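One structure is given below, encoded as structure tokens.
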Amino acid sequence: MKYEAPWHLPGGNLQTIWPALMARRFSGPGPCYQRERWATPDGDFIDLDRVQAPAGSTLLVLFHGLEGSSGSHYAQAFAAYAAKNGLGFVVPHFRGCSGELNRAPRAYHSGDFEEIGWILARLRQQHQGRIVAAGVSLGGNMLLRWAEEMGEQAARVVDAVASVSAPLDLSASGHAIGRGFNKMVYTRMFLNAMKPKALQKLAQHPGLFSADAMHAVSNLYEFDNVFTAPVHGFKNTDDYWLRASSKPHLAEIRVPALVLNALNDPFIPASSLPRAQEVGRFVTLWQPAHGGHVGFPKGAGLGHLRALPEAVGAWLLSQGGHNSAQISKGDHHG
């Protein structure tokens, strides 16, 4: 990805925060989503927001990040890209992220590849054309974990996958976001959304965890120790972060996969990113010097978000047809 940040947005934090709050997500009217609710095999539900396209068109599936939704800045930018290019577009919401609390004790987590697999398999049954999938941040790590677990079978479901600003090494990212400016800004933002929802979950399911422990949580490590890890079958945060990280298994991927991470991402240390020799021949690494976390703004003034979906979307659409399992043409940094 040949990306240069605007001169007036230097540094990873500005390139992260400005796009989320200020940059234009689309030109003209915003995406007109149609909501679908799917019953899950365990008696719960998920909500998907979809933009229909002509029969036989390629379907672009976008998995959102931590506490994201179809209304997130990047989701709306990808929706605009899909509309411009005649693609179907769908954002499956992870449990509890569609505006309504889900019913089951579980929520979602960074290694939840089973949920990704169930969603993609159902979309594959519904859709007759090509399917490409992108995951943002947490959703990107989840999507890569699914591709790793599926191996050669992934190409029966999707033509290509892409992760954007995914925390591939959850321990490195989890500790980085818990320090200094990151803790004051990003950790506080996430916990302000996550702690109330967890306490609502406790009201649904008394005894699920300790309310006092949750009130005392001050970083994501502690939150995962109190809620995410025990509720989703992990021993503790360290066990969760180790088993859910996609980085150690990237060489097992057998479907074209793009892994995009800016080297100045505020809470994904550049030193934690994979090198070309670690990922295998199906994986393409894009590691531009700038871009922040799910940022990549372009243009003067308020700027726009077209650069990210245009680059990632073009790469996804360039990959081989369904069931081809085309090998990407060399690992590279760009």
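Below is a table of values for the structure above.
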| read-out | value |
| --- | --- |
| For ASP49: the one exception among (1) within 24 Å of HIS304 (Cβ to Cβ); (2) over 16 Å from the mean Cα position of the chain (by Cα); (3) surrounded by 20 or more Cβ atoms within 10 Å (Cβ to Cβ) | (2) |
| Test set (1) part of a helix (DSSP H, G or I); (2) of a type outside the set (D, E, K, R); (3) out of contact with any strand residue (DSSP E or B) (no Cβ under 9 Å at 6 or more places or on another chain); (4) crowded, with 21+ Cβ neighbours inside 10 Å - HIS215 fails condition number | (4) |
| Residue satisfying condition, being at pLDDT 95 or above and over 15 Å from the mean Cα position of the chain (by Cα), within set TRP7, TRP18, TRP38 | TRP38 |
| Subset of segment 2-45 [in contact with a strand residue (DSSP E or B) (Cβ under 7 Å, 6 or more places away or on another chain), within 17 Å of TYR74 (Cα to Cα) and among the hydrophobic types (A, V, I, L, M, F, W, C)] | ALA23, CYS32 |
| Selection status of ARG145, among the basic types (Lys, Arg), free of Cβ contacts under 8 Å to residues at least 12 places away in the same chain and either open to solvent by 20 Å² or more (accessible area, probe 1.4 Å) or assigned to a helix (DSSP H, G or I) (or both) | no |
| Residue satisfying condition, being open to solvent by less than 10 Å² (accessible area, probe 1.4 Å) and either of a type in the set (A, V, I, L, M, F, W, C) or closer than 25 Å to ASN13 by Cα (or both), within set ALA121, ALA172, ALA134 | ALA134 |
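Results for (1) without any contact (Cβ under 8 Å) to a residue 60 or more places away in the chain; (2) within 23 Å of LEU273 (Cβ to Cβ); (3) surrounded by fewer than 19 Cβ atoms within 10 Å (Cβ to Cβ); (4) over 16 Å from the mean Cα position of the chain (by Cα), shown as yes or no for each residue.
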residue	(1), (2), (3), (4)
PHE94	yes, no, no, no
ALA104	no, no, yes, yes
SER110	no, yes, no, no
ALA162	no, yes, no, no
LEU168	no, yes, no, no
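The values are calculated or read from the model by the stated rules, or taken from the named source; none is laboratory data. These numbers were taken from a predicted model, which means no experiment stands behind them. FYI the Cβ positions are ideal-geometry reconstructions off the backbone, even for glycines, and counts take in every protein chain you see. Each accessible area value is taken on the protein alone, full model and side chains, heavy atoms only, with ligands, DNA and RNA left out. Shrake-Rupley method; radii C 1.70, N 1.55, O 1.52, S 1.80 Å.
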